[in-house]
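Read the structure below first, then the notes.
The values are calculated or read from the model by the stated rules, or taken from the named source; none is laboratory data. All of these numbers come straight from a predicted model, not from anything done at the bench. With ideal geometry, Cβ positions are generated from the backbone for all residues, glycine too; neighbour counts draw on all protein chains shown. In case anyone asks, the SASA skips ligands and DNA or RNA and just uses the protein heavy atoms, side chains included. Shrake-Rupley method; radii C 1.70, N 1.55, O 1.52, S 1.80 Å.
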Amino acid sequence: MKKRDIVLIGAVLFMAAAGFLFLSLVKQDGGKAVVTVDGKEVWSHSLSEDAVYTVKSRNGSNVVRIQGGKASVTEADCPDQICRKHKAIDKTGETIVCLPHKLVVEIKDGTKEKEYDGITI
Ligand SMILES: [Zn+2]
């Protein structure tokens, strides 16, 4: 094996590793939590940053928390408490629903992730 071949292989491996790292970074960044009440969006926030938002509507209040890349309802004054007991969500399409408050927390793709859909290494 010539020295030039080794350099080439090294470069290819490096590119593959860099590409993989890049894609996983983009993925991590991509998701966001979107909160709707009665079908209207009241708040959205990237999952990559911790945040707390208190949703107050005439139906009642819910506290939505984003922590460690996951979204959950940590407090609610609804009678069934189903939303509060729901596990934290972080995958696109997952939802936490509070029926009494008509509140939905949904995980959606960030714009970044959409741009790079379809790229395969
Ligand atoms: Zn609830």
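Other residues whose C-beta falls under 12 angstrom from the C-beta of V55 contribute a net charge of +1, scoring Lys and Arg +1 and Asp and Glu -1. Summarising the label geometry, the points placed 7 Å from Cα in the beta-carbon direction at Q81 and D50 lie 2.5 nm from one another. Within a straight-line Cα-Cα reach of under 29 Å, K32 can be paired with the following lysines, leaving aside sequence neighbours fewer than 8 residues apart in one chain: K40, K56, K70, K85, K87, K91, K102, K108, K112, K114. Entry comment: accessible area of region 32-108 is 56 Å² per residue, from protein heavy atoms only and a probe of 1.4 Å. Computed over protein heavy atoms with a 1.4 Å probe, the carbon and sulfur contribution to the accessible area of region 40-102 reaches 49%.
Close amide H contacts of E75 (hydrogens built in the peptide plane, cut-off under 5 Å, sequence separation of 5 or more or a different chain): V63.
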